[in-house]
Amino acid sequence: MTTEQSVLDALRGVKDPELSRSLIDLDMVRDVKIDGDRVAITLALTTVGCPLKDRIVDDVRQAVLSLPGVSDVAVDLVGMTPEERAKAFDTAAAEEKQPSLASQVNHVKQVVAVMSGKGGVGKSLVTGLLAVALARDGKKVGILDADVTGPSIPKMFGLRQRPQGGPFGLFPVLSRMGIEVISINLLLEREDDAVIWRGPLIGNVIKQFWEDVVWGDIDYLLVDLPPGTADAPLTVMQSLPVGGAVVVTTPQGLVGMVVRKAVRMAEQMNVPILGIVENMSYFVCPDTGKQHEIFGPSRGEKIARIAGAPLLGQLPIDPEAAKLCDAGRIEDYESDAYQSLAQSFIRGSENRIKVNAAAQGDR
């Protein structure tokens, strides 16, 4: 005979896909009514507009339909109050997660975040170029694409194959130069599928990319952050051992103002700024060779002074870079400005990371 307790026991194995906790632990099951072989359940979601509600309802129905004597399950959805929602998130955050198998075999020497408060400044381009520079210098490099809703790293490197799983976790996809890459776009059925997720689920994916991917022994893991100072950047800085950040900006005054927010965030999170990269700094006319400051005079040095970090380089608007990225051949890119940036980053990053690590150890 089906009882309320047997239904609750069955639902204990159903997890909220965003918070990765049982519906019972999160107090999402509000009512259970049994009428013969029919069961009616009321669920409280963190928000009624949850994009994964159909999946939750289906999981609940399948779990309860597995009980003997149950032929039909009806699920009614309601929304949590702000207080209930906060409690659910606190409950999920309090769970102690056991170390994954992947984390036991991974040895990542340095984690560097590439960030900016503003979108469209070229963080992914800079991430890719720095990874290529490190690989050319003989370093073993990985890229964690944390821009879950706007991933572009796989396209730049011409990667389309899906990551393969193994006994220790998911293996990143290798570029032509051997750069390890993990990105949500490598897991989607189609590369242009929209990722319509809320903050907690995005944060969980980023943590899984760090904890459940077999990075192995690498010298640098570059993390391509989405714009802003909200959930995803916060997850990276709180969950990953970030040794430093590279901040990307452009000459526009508006961009500079927003980028300074990212600098302040890094400071508040005790993440040292390794350097500033000014992208789209100028354009060289192919006919005359003259430089044109399309977005205004450079503000890179000013932002570098505010950040207390060096200006690593100034990249021009280069149609060749755009063409190669579109063709998945960023590893073929060469230019004098890029070489200067690469040398500055390689020369300065390791020393600065060591100095900052020593300073933090003294505190």
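The values are calculated or read from the model by the stated rules, or taken from the named source; none is laboratory data. Everything numeric in this text was worked out from a predicted model, so none of it was measured. As a convention, Cβ positions derive from the backbone with ideal geometry for all residues, glycine included, and neighbour counts pool all protein chains shown.
When you scan the range 51-63, do you find a residue that is assigned to a strand (DSSP E or B) and either touching a residue at least 40 places away in the same chain (Cβ under 8 Å) or under 25 Å from the mean Cα position of the chain (by Cα) (or both), even just one?
no
For every residue, the table says whether it meets (1) over 21 Å from VAL132 (Cα atoms); (2) assigned by TED's automatic domain parsing to the domain that holds VAL121; (3) not in a loop (DSSP other than H, G, I, E, B).
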position: VAL247; (1), (2), (3): no, yes, yes
position: VAL271; (1), (2), (3): yes, yes, no
position: LYS302; (1), (2), (3): yes, yes, yes
position: ILE306; (1), (2), (3): yes, yes, yes
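In the same structural domain as TYR338 (by TED's automatic domain parsing), out of contact with any Leu (no Cβ under 7 Å at 6 or more places or on another chain) and at positive phi: does that describe GLY169?
The answer is no for GLY169.
Among the residues of the range 109-157, which ones are charged (D, E, K, R) and part of a helix (DSSP H, G or I)?
Result: LYS123, ARG136, LYS155.
Given the options GLU278, GLU320, name the one that is surrounded by fewer than 21 Cβ atoms within 10 Å (Cβ to Cβ) and in contact (Cβ under 8 Å) with a residue 12 or more places away in the chain.
Exactly one of GLU278, GLU320 is surrounded by fewer than 21 Cβ atoms within 10 Å (Cβ to Cβ) and in contact (Cβ under 8 Å) with a residue 12 or more places away in the chain, namely GLU320.
Return the residue satisfying two criteria in turn: it lies in the range 162-180 and is within 14 Å of VAL213 (Cα to Cα) and touching an Asp or Glu at 6+ places or on another chain (Cβ under 7 Å), and of such residues it is surrounded by the fewest Cβ atoms within 10 Å (Cβ to Cβ).
LEU174
Sort out which residues of the range 233-250 are surrounded by fewer than 21 Cβ atoms within 10 Å (Cβ to Cβ) and over 18 Å from LEU274 (Cβ atoms), and write them in order of number.
LEU234, GLN238, SER239
From the residues in the range 145-196 that are among the aromatic types (Phe, Trp, Tyr) and over 20 Å from LEU225 (Cβ atoms), which one is modelled with the lowest pLDDT? Lay out the reasoning, then the answer.
Kept after step one, since they are among the aromatic types (Phe, Trp, Tyr), are these residues of the range 145-196: 157, 168, 171.
Next cut, over 20 Å from LEU225 (Cβ atoms) only: 168, 171.
Working: PHE168: 80, PHE171: 94.
It comes out as PHE168.
Quick one: in the range 143-161, which of the residues that are over 12 Å from the mean Cα position of the chain (by Cα) and aliphatic (A, V, I, L, M) is surrounded by the most Cβ atoms within 10 Å (Cβ to Cβ)?
MET156
Kindly indicate whether any position in the range 6-21 is acidic (Asp, Glu) and under 24 Å from LEU201 (Cβ atoms). Give the steps one after another, and end with the answer.
So in the range 6-21, the residues acidic (Asp, Glu) come out as 9, 16, 18.
Right, trim to under 24 Å from LEU201 (Cβ atoms) and you get 16, 18.
Yes: the range 6-21 contains one or more residues that are acidic (Asp, Glu) and under 24 Å from LEU201 (Cβ atoms).
Evaluate the following for ILE202: is it touching a residue at least 12 places away in the same chain (Cβ under 8 Å), farther than 15 Å from GLU331 by Cβ and in contact with a Pro (Cβ under 6 Å, 6 or more places away or on another chain)?
The answer is no for ILE202.
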